[in-house]
Amino acid sequence: MRLTEPPSARTAPGDRWDAADPGAVAVEFALLLPLLMLFLFGVIQYGYGLFQLQSFGAALDGASRDASTGISDCAALDRLLTREVSENGLSPADVSDVQLEWLRDDSTVTTVPERILGQVRVTATYTPFDIGIPLIPFPSTITRSSTATVQSVLSADLTGCGS
């Protein structure tokens, strides 16, 4: 009784793993590898890009929320936005063109802070980090705005709160 079968019994003449094609798998791998790498790094690029987009939006939301409680100068807004951007995992050096606008109830826009009912809008531009994968489009800048409602308390007598 033999423990091994003869080679002719293990492989049929037209089988894919025939000895006549010893390098076919390596050639197929070499042809598909660039496409697989392009897909892999494209997923990484877009994943990190979406992280930056979400983080920048969250930083602007925080800045506009804080600005709605009262901010008097642009230096304070820059410090506020720098803190928010850093806390969201982005580089403050990549933030530019920061604008603060006060929207009145009558739909007019002013850059002078007013403690009236209305809204405050913070707009900024962020330059995202690009891995630089060819053939994959990616934006060079991200510009976003965030708006928060300004609430003005007319009286210091807040009856019914906390008692």
- request: Any chance you could count how many residues in segment 59-71 are surrounded by fewer than 18 Cβ atoms within 10 Å (Cβ to Cβ) and either within 12 Å of the chain's Cα centre (by Cα) or modelled with pLDDT of 90 or more (or both)?
  value: 1
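Identify the residue in segment 21-50 that is small (Gly, Ala, Ser) and loosely packed, with under 15 Cβ neighbours inside 10 Å and, among all such residues, is nearest to Asp130 (Cα to Cα).
Gly47
Pull up segment 81-96, narrow it to residues that are of a type outside the set (S, T, N, Q) and under 17 Å from Asp130 (Cα atoms), then point me to the one that is surrounded by the fewest Cβ atoms within 10 Å (Cβ to Cβ).
Ranking the qualifying residues of segment 81-96, first place goes to Ala93.
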- request: List the number of the failed condition for Met37; all other conditions in (1) assigned to a helix (DSSP H, G or I); (2) in contact (Cβ under 8 Å) with a residue 40 or more places away in the chain hold.
  value: (2)
- request: Output yes when any residue across segment 111-119 is crowded, with 16+ Cβ neighbours inside 10 Å, farther than 14 Å from Asp61 by Cβ and either at pLDDT 85 or above or small (Gly, Ala, Ser) (or both), and no when none is.
  value: yes
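Between Leu90, Leu158, which is modelled with pLDDT of 90 or more and outside any helix (DSSP H, G or I)?
Numbers: Leu158 fails: modelled with pLDDT of 90 or more.
Step by step, each of Leu90, Leu158 is checked, and only Leu90 is modelled with pLDDT of 90 or more and outside any helix (DSSP H, G or I).
Conditions (1) modelled with pLDDT of 90 or more; (2) buried (at least 16 other Cβ atoms within 10 Å of the Cβ); (3) in a loop (DSSP other than H, G, I, E, B), marked per residue:
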residue: Pro13; (1), (2), (3): no, no, yes
residue: Gln52; (1), (2), (3): yes, yes, no
residue: Ser55; (1), (2), (3): yes, yes, no
residue: Arg79; (1), (2), (3): no, no, no
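The values are calculated or read from the model by the stated rules, or taken from the named source; none is laboratory data. Bear in mind that the values here come from a model prediction, so they are computed numbers and not experimental data. Backbone-built Cβ (ideal geometry, glycine too); neighbour counts: all protein chains shown.
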